[in-house]
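The values are calculated or read from the model by the stated rules, or taken from the named source; none is laboratory data. Remember, predicted model here, so these are calculated numbers, not experimental data. Neighbour counts run over all protein chains shown; Cβ positions are idealised from the backbone, glycine included. The area values use the complete protein model at the heavy-atom level, side chains included, leaving out ligands, DNA and RNA. Shrake-Rupley method; radii C 1.70, N 1.55, O 1.52, S 1.80 Å.
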Amino acid sequence: MLLKNVKVLRPKTTKIQKRNGIGYVYQVIGKSYKKDKKYTVENRKLIGKMIDEEWMIPNEYFEQYYPDVCVEQETPEFSDTLRIGCFLVVQKIFRDLQIEDVLLSIFGDLGFFIEDIVSYMITNESCTFQYYSNFMRNHPVMDKNIRDDTQISRLLKYNIKEQDINLFLHAWNQMNNTKECIYVGYDSTNFNTNAYGIELADYGHPKVDEGLPQYNLAYAVNQKDSTPLFYELYDGSVIDNTELEIMLEEAKEYGHEKLGVLMDRGYIIYIRKEYKGIENKRI
């Protein structure tokens, strides 16, 4: 599928094959030897089509081979009227909480794109990104361009790394850290999945057993103002008590030395000597 409103200079290492007057751009990904015909043929992957002698429209496979190539996007026109109320609220929240500063320091200008995605999900109450570009034409954008769901997929797949997420979580917890004891609401849950290729998927003890592998999600929230602090994903076979031990270690790494933990009756808590600064309650 060709990317909308996007064009790039054709890399010189690619090859063009014309069909019906249209130049299709291919990337050579290997070679195969034909024993019966005794010659070698190239294995090619279609990555777009030509616009003129220099420029091409890439498809979703282009960035897989050229992640560093600068993509020129033609900005689509906005609607004649824009709905600015929710945009102004979301923008103010990002700036007052210094989230925008953190995003820009980690992701550069892509931080504005991430803000737009969050603004869309909050305002539209949905993460169905196929409607993203149409929605954003009726709303102001923090990014320079209106992008589409394909570019969101590329952002999540190629541009947001695990270390970037960890940097954000460390910065966020530093900004929300205090010398006083804070009470954190802690819980974990599991998700059954039949998706292929999820490394964390494993068989465990799901709340609803569908005979599928699962992965676990645990999260910590400041009980005073409901501010989310951090989260962690675990293998499906990891039990709740082990997740709790890991969470307490993470809390210390994030700088939360004085921590009160509130959780449901499903947890059996073993207090270790190294958790002297942590208050524990069963509810």
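Out of the stretch 92-109, which residues are of a type in the set (A, V, I, L, M) and either assigned to a helix (DSSP H, G or I) or modelled with pLDDT of 95 or more (or both)?
Looking only at the stretch 92-109, we keep the residues that are of a type in the set (A, V, I, L, M), and these are 93, 97, 99, 102-104, 106.
Selection gives 93, 99, 102, 103, 104, 106.
Test residue 112 against the stated conditions and say whether it is in a loop (DSSP other than H, G, I, E, B), open to solvent by 50 Å² or more (accessible area, probe 1.4 Å) and either aliphatic (A, V, I, L, M) or within 30 Å of residue 9 (Cβ to Cβ) (or both). Show your work before the answer.
Details: in a loop (DSSP other than H, G, I, E, B): no; open to solvent by 50 Å² or more (accessible area, probe 1.4 Å): yes; either aliphatic (A, V, I, L, M) or within 30 Å of residue 9 (Cβ to Cβ) (or both): yes.
Answer is no for this residue.
Can you tell me how many residues in the stretch 15-49 are under 18 Å from residue 3 (Cα atoms) and not charged (D, E, K, R)? Talk me through it step by step, then tell me what you get.
Filtering the stretch 15-49 down to residues under 18 Å from residue 3 (Cα atoms) leaves 22-27, 45-49.
From what is left, the residues that are not charged (D, E, K, R) are 22-27, 46-48.
The total comes to 9.
Name the residues in the stretch 1-50 that are aromatic (Phe, Trp, Tyr) and open to solvent by less than 60 Å² (accessible area, probe 1.4 Å), would you? Spell out the reasoning first.
Step one: list which residues in the stretch 1-50 are aromatic (Phe, Trp, Tyr), which gives 24, 26, 33, 39.
Of everything in the stretch 1-50, those that are aromatic (Phe, Trp, Tyr) and open to solvent by less than 60 Å² (accessible area, probe 1.4 Å) turn out to be 24, 26.
Of everything in the stretch 159-177 that's closer than 12 Å to residue 99 by Cα and among the aliphatic types (A, V, I, L, M), which residue is surrounded by the fewest Cβ atoms within 10 Å (Cβ to Cβ)?
My answer is 175.
If the requirement is being farther than 28 Å from residue 59 by Cβ and out of contact with any Leu (no Cβ under 9 Å at 6 or more places or on another chain), which of these qualifies: 99, 106?
Values: 106 fails: out of contact with any Leu (no Cβ under 9 Å at 6 or more places or on another chain).
One residue alone meets the criteria, 99.
Within the stretch 216-270, work out how many residues are among the β-branched types (Val, Ile, Thr) and in a strand (DSSP E or B). Steps first, please.
Residues of the stretch 216-270 among the β-branched types (Val, Ile, Thr): 221, 227, 238-239, 242, 246, 261, 268-269.
Then drop every residue that is not in a strand (DSSP E or B), which leaves 221, 261.
Counting residues in the stretch 216-270 that are among the β-branched types (Val, Ile, Thr) and in a strand (DSSP E or B) gives 2.
Within the group 153, 126, which residue is under 13 Å from the mean Cα position of the chain (by Cα) and modelled with pLDDT of 85 or more?
Working: 126 fails: under 13 Å from the mean Cα position of the chain (by Cα).
The match here is 153.
Scan the stretch 184-213 for residues that are surrounded by 15 or more Cβ atoms within 10 Å (Cβ to Cβ) and either assigned to a strand (DSSP E or B) or over 24 Å from the mean Cα position of the chain (by Cα) (or both) and jot them down.
Matches in the stretch 184-213: 184, 185, 186, 187, 188, 190, 191, 192, 202, 204, 206, 212.
Condition test on residue 49, is it without any contact (Cβ under 8 Å) to a residue 40 or more places away in the chain and not hydroxyl-bearing (Ser, Thr, Tyr)? Step through it out loud before you land on a result.
Values: without any contact (Cβ under 8 Å) to a residue 40 or more places away in the chain: no; not hydroxyl-bearing (Ser, Thr, Tyr): yes.
It is false that residue 49 is without any contact (Cβ under 8 Å) to a residue 40 or more places away in the chain and not hydroxyl-bearing (Ser, Thr, Tyr).
When the residues of the stretch 235-283 are narrowed to those that are under 30 Å from residue 193 (Cα atoms), of a type in the set (D, E, K, R) and modelled with pLDDT of 80 or more, which ends up farthest from the chain's Cα centre (by Cα)? Quick ask: steps written out before the conclusion?
Residues of the stretch 235-283 under 30 Å from residue 193 (Cα atoms): 235-251, 261-269.
Right, trim to of a type in the set (D, E, K, R) and you get 235, 240, 243, 245, 249-250, 264-265.
This time we only want the ones that are modelled with pLDDT of 80 or more, so: 235, 243, 245, 249-250.
Values: 235: 19, 243: 23, 245: 26, 249: 24, 250: 21 Å.
Looking at residues that are under 30 Å from residue 193 (Cα atoms), of a type in the set (D, E, K, R) and modelled with pLDDT of 80 or more, I get 245.
For residue 156, are the conditions met, namely being out of contact with any strand residue (DSSP E or B) (no Cβ under 9 Å at 6 or more places or on another chain), part of a helix (DSSP H, G or I), open to solvent by 50 Å² or more (accessible area, probe 1.4 Å) and touching a residue at least 24 places away in the same chain (Cβ under 8 Å)?
no
Kindly check whether there is at least one residue in the stretch 57-73 that is of a type in the set (Phe, Trp, Tyr), surrounded by 15 or more Cβ atoms within 10 Å (Cβ to Cβ) and in contact with a Pro (Cβ under 7 Å, 6 or more places away or on another chain).
Yes, the stretch 57-73 has at least one match.
Would you confirm whether or not the stretch 220-229 contains a residue that is in contact with a Gly (Cβ under 8 Å, 6 or more places away or on another chain), buried (at least 18 other Cβ atoms within 10 Å of the Cβ) and at pLDDT below 85?
No - not one qualifying residue is present in the stretch 220-229.
Filter the stretch 83-109 down to the residues that are charged (D, E, K, R) and open to solvent by 70 Å² or more (accessible area, probe 1.4 Å), then identify the one that is nearest to the chain's Cα centre (by Cα).
Restricting attention to the stretch 83-109, the residues satisfying the condition of being charged (D, E, K, R) are 83, 92, 95-96, 100-101, 109.
Retained after the next criterion (residues that are open to solvent by 70 Å² or more (accessible area, probe 1.4 Å)): 83, 92, 95-96, 101, 109.
Numbers: 83: 26, 92: 22, 95: 21, 96: 23, 101: 18, 109: 16 Å.
Filtering the stretch 83-109 for residues that are charged (D, E, K, R) and open to solvent by 70 Å² or more (accessible area, probe 1.4 Å), the one nearest to the chain's Cα centre (by Cα) comes out as 109.
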